[in-house]
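**Student:** Dropping the structure in here first, questions after.
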Amino acid sequence: MDCEERLRNGCARDGCARADREDGVCGSESSLTAGSGRGLAAVDARPGWDRYFMEIAGVVAKRSTCLRRQVGAVLVYEKRILATGYNGAPTGLPHCIEVGCLREKLGVPPGERHELCRGLHAEQNALIQAAKYGIPVAGSTLYTTAEPCSVCSKMLINAGIRKIVFGEEYPDELGRQMLKEAGVLVEKFRSS
């Protein structure tokens, strides 16, 4: 349905919504009417971009094979998904859910001794997937269910990630400090 047709059907939007979108298609959430087939309730439930990509990161995290924390990451450029990643063992190797967790056995707290983990972090896997398939990520945004550690932070900085939106905090002050020094915008996702 184009803007003119929406207006004839009772569009509630003041002014032309095409100015809101690069492709000229009406993107007005308020322009859909009850007779449009979706209903007003569907319009009200439509997530904003940060929520949309964070929810996708949450679904990606469900693929994780880590015994301690399930993390999902989504790399996005201009509202388009470039790559996803979740934490787990390298391709073709036994998963932690099969062989156990050395860090857990040794009582290593989160944010320490990353070299003892057989898995890769979600952020690392997203960057690797993009590189494997020749997808440039410089200037993109990372949506992740957990704040990046210092190892991931260094990789994200060098990959040219410009913004990070994360869900839960991770106890790694060095990672936070490096991202700040590099000028990477970091935001905690607020679900409300």
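The values are calculated or read from the model by the stated rules, or taken from the named source; none is laboratory data. The model shown is predicted, which means the values in this text are computed figures rather than measured ones. Quick reminder, even Gly has a Cβ in these numbers, built from the backbone with ideal geometry, and neighbours come from all protein chains shown. Surface accessibility is based on the protein's heavy atoms, side chains included, excluding ligands, DNA and RNA. Shrake-Rupley method; radii C 1.70, N 1.55, O 1.52, S 1.80 Å.
For (1) open to solvent by less than 40 Å² (accessible area, probe 1.4 Å); (2) of a type in the set (A, V, I, L, M), each residue gets a yes or a no:
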site	(1), (2)
R69	no, no
Y77	no, no
I81	no, yes
T91	no, no
C96	yes, no
K105	no, no
P109	no, no
E123	yes, no
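**Student:** Now for a separate question. Within segment 126-140, does at least one residue satisfy the condition of being part of a helix (DSSP H, G or I), without any contact (Cβ under 8 Å) to a residue 60 or more places away in the chain and touching a Phe, Trp or Tyr at 6+ places or on another chain (Cβ under 9 Å)?
**Tutor:** Looking for residues that are part of a helix (DSSP H, G or I), without any contact (Cβ under 8 Å) to a residue 60 or more places away in the chain and touching a Phe, Trp or Tyr at 6+ places or on another chain (Cβ under 9 Å), one finds at least one in segment 126-140, hence yes.
**Student:** In a helix (DSSP H, G or I), open to solvent by 20 Å² or more (accessible area, probe 1.4 Å), closer than 27 Å to C101 by Cα and charged (D, E, K, R): is that true of R176 in this structure?
**Tutor:** Taking the combined requirement at face value, the residue satisfies it.
**Student:** Please find, among R113, R118, the residue that is touching a residue at least 12 places away in the same chain (Cβ under 8 Å), charged (D, E, K, R) and either farther than 20 Å from A57 by Cα or open to solvent by less than 10 Å² (accessible area, probe 1.4 Å) (or both).
**Tutor:** Just one listed residue meets the conditions, R118.
**Student:** Listed residues R13, R69; which is in contact with a strand residue (DSSP E or B) (Cβ under 9 Å, 6 or more places away or on another chain), modelled with pLDDT under 95 and in a loop (DSSP other than H, G, I, E, B)?
**Tutor:** R69
**Student:** Only one residue in S150, S64 is of a type in the set (S, T, N, Q) and crowded, with 22+ Cβ neighbours inside 10 Å. Which one?
**Tutor:** S64
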